[in-house]
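Student: Supplied in structure tokens, the structure appears directly below.
The values are calculated or read from the model by the stated rules, or taken from the named source; none is laboratory data. Computed from a predicted model, the values in this text were never measured in an experiment. Neighbour counts are summed over all protein chains in view; Cβ atoms, including those assigned to glycine, are modelled from backbone coordinates with ideal geometry. Just so you know, the surface numbers come from the protein's heavy atoms only, side chains and all, with ligands and any DNA or RNA stripped out. Shrake-Rupley method; radii C 1.70, N 1.55, O 1.52, S 1.80 Å.
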Amino acid sequence: MPESSTAVVAIIMGSDSDWPKIKPAAAALEEFGVPYEVRVMSAHRTPALVQQYSTMAAARGLKVLLAAAGGAAHLAGVIAAHTTLPVIGIPVATELAGGLDSLLSMVQMPGDVPVATVAVGGGGPRNAGLFAVEILALSNPSLQERLKEFKHRLVEKVSEKDAALQAQLGK
């Protein structure tokens with residue numbers, strides 16, 4: 001999605017090749033009906049654009065920024081340096097170290113520049129989207145209710161899986 005006047009969450013990635021890996025973040029937002037926009041910009045190759053976008057994000061109505069990057073993975077930190085909005089970093093897996101390099105780049109932010117960081121791969125991108133929903137739900141009772149229903153469905157899902165396993169084991 002391009003920039004949107006209705007978006008409340010932005011998904012910003014360092015490269016368009018990151019999109020297939022971080023799509024679950026967008027899927028989580030869609031599941032809860034949260035409007036978002038997706039942009040490609042680089043902390044290293046387009047620093048002025050990152051600064052401008054981050055500085056103007058709140059004025060444009062954005063509430064949470066998700067930043068996905070691999071390798072040096074400075075995007076989330078640079079964004080956090082230029083905004084007061086919550087920033088959630090999504091470390092992208094790399095060939096060099098399987099994403100450990102990306103993860104360490106994000107979680108080792110200096111004091112006073114917070115970036116919440118999710119796991120590399122697996123559930124990480126989806127959790128970033130869900131965490132954004134939880135942040136937005138703090139001031140949105142309807143979203144709070146949908147989250148409660150979601151959590152209830154998780155309990156039911158696990159209970160069903162346990163019952164199926166118990167039946168398979170003959171217990």
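Student: Straight-line reach from residue 171: which lysines have Cα under 20 Å away, leaving out those fewer than 8 places along the same chain?
Tutor: Qualifying lysines at Cα under 20 Å: 157, 161.
Student: Which aspartates and glutamates have a Cα less than 20 Å from the Cα of residue 148, not counting those fewer than 8 places away in the same chain?
Tutor: Answer for residue 148, where 20 Å is the Cα cut-off: 30, 31, 134, 156, 160, listed by chain and number.
Student: Oh, and also: Please report the accessible area of residue 155 (heavy atoms, 1.4 Å probe, ligands and nucleic acids excluded) in Å², nearest 10.
Tutor: 90
Student: Right, next: Convex hull over the alpha-carbon atoms of the chain: what's its volume per residue in Å³?
Tutor: 137
Student: Ignoring any ligand, DNA or RNA, what whole percent of the accessible area of the stretch 1-119 comes from carbon and sulfur when the probe is 1.4 angstrom?
Tutor: 59
Student: Could you derive backbone 3J(HN,Hα) for the stretch 100-112 from the dihedral phi with the Karplus parameters 6.51, -1.76 and 1.60 (θ = phi - 60°), listing whole Hz in sequence and x where the residue is Gly or Pro?
Tutor: The phi angles translate into 4, 4, 5, 4, 5, 4, 7, 7, 9, 5, x, x, 6 Hz.
Student: Amide H of residue 39: which non-local residues (sequence gap of 5 or more, or other chain) have their own amide H closer than 5 Å, using H built in the peptide plane?
Tutor: 11, 12, 13
Student: Given a 1.4 angstrom probe, what's the average accessible area per residue across the stretch 1-97, in square angstrom?
Tutor: Value for the stretch 1-97: 44 Å² per residue.
Student: Relative to the longest principal Cα axis of the chain, at what angle does helix 47-56 sit, 0 to 90 degrees, rounded to 10?
Tutor: Tilt relative to the chain: about 70 degrees.
Student: Oh, and also: From the square roots a ≥ b ≥ c of the eigenvalues of the alpha-carbon gyration tensor of the stretch 70-171, which class results: rounded (a/c under 1.5), prolate (a/b over b/c), or oblate?
Tutor: oblate
Student: Output the 0 to 90 degree angle, nearest 10, between the alpha-carbon long axis of helix 124-137 and the longest principal axis computed from the alpha carbons of the chain.
Tutor: 90
Student: Are there any trypsin sites (Lys or Arg not before Pro) in the stretch 27-91 that are in a DSSP loop and have at most 16 other Cβ atoms within 10 Å? List them by number.
Tutor: 45, 60
Student: Same structure, new question: Relative to the first principal axis of the alpha-carbon coordinates of the chain, what is the inclination of helix 141-168, with its axis defined by its Cα atoms, in degrees from 0 to 90 and to the nearest 10?
Tutor: Helix 141-168 sits roughly 50 degrees off the main axis of the chain.
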